[in-house]
Amino acid sequence: SDKYGSKKMLIVASAGICLGLLSLLFIPVYLIGISVFIVLYGVFFYAHQPALNALTGFLSPETHRGAVYGVFFFTSFGIGSISQLISGYLADLYGFDPAFYMLTVFSFIALGLSFLLPERQKPALSHNKREKSVSHSSNE
């Protein structure tokens with residue numbers, strides 16, 4: 001994510017997850033569909049984590065960064081576990097196909113939201129660094 005940018009990596013990871021889920025749902029030969037799903041989903045499922053961590057740190061104020069990471073991890077893993085509960089409930093009621101369709105819809109929503117994220121910009125100099133820079137250059 002440092003080389004290509006966090007936003008681009010999130011988009012690629014989200015697209016890979018979507019493709020993996022689509023392959024599971026729409027490739028007619030079950031063994032091929034599940035194999036493609038395992039490869040794509042396996043490669044891209046955690047590929048977003050470093051980019052998302054970097055973007056979270058970049059976008060959060062330095063004084064609140066710990067709290068922002070806490071909320072981020074709670075929503076990622078705490079609330080994320082609720083989707084597993086809902087998927088399991090759907091699978092019990094209607095079978096696996098509706099559960100995976102729901103997961104695919106949520107994956108496409110995540111892909112769409114990743115396009116809305118801001119691009120990373122160079123951070124502005126903090127007040128202390130600006131003072132040191134000004135005082136250092138005036139001494140020369």
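Points worth noting:
- Relative contact order of the stretch 6-118, defined on C-alpha pairs under 8 angstrom at six or more residues apart (%): 38
- Where labels lie 7 Å past Cα in the beta-carbon direction, separation of F77 and M102 in nm: 2.4
- Trypsin sites (Lys or Arg not before Pro) restricted to the stretch 1-48 and DSSP loop, no more than 11 other C-beta within 10 Å: K3
- Prolate/oblate/rounded label for the stretch 35-99 (Cα gyration tensor, a/c 1.5): oblate
Read-outs throughout are calculated quantities, based only on the coordinates presented, and are distinct from any laboratory measurement. Keep in mind the model is a prediction, meaning the values are calculated, not measured. As a convention, Cβ positions derive from the backbone with ideal geometry for all residues, glycine included, and neighbour counts pool all protein chains shown.
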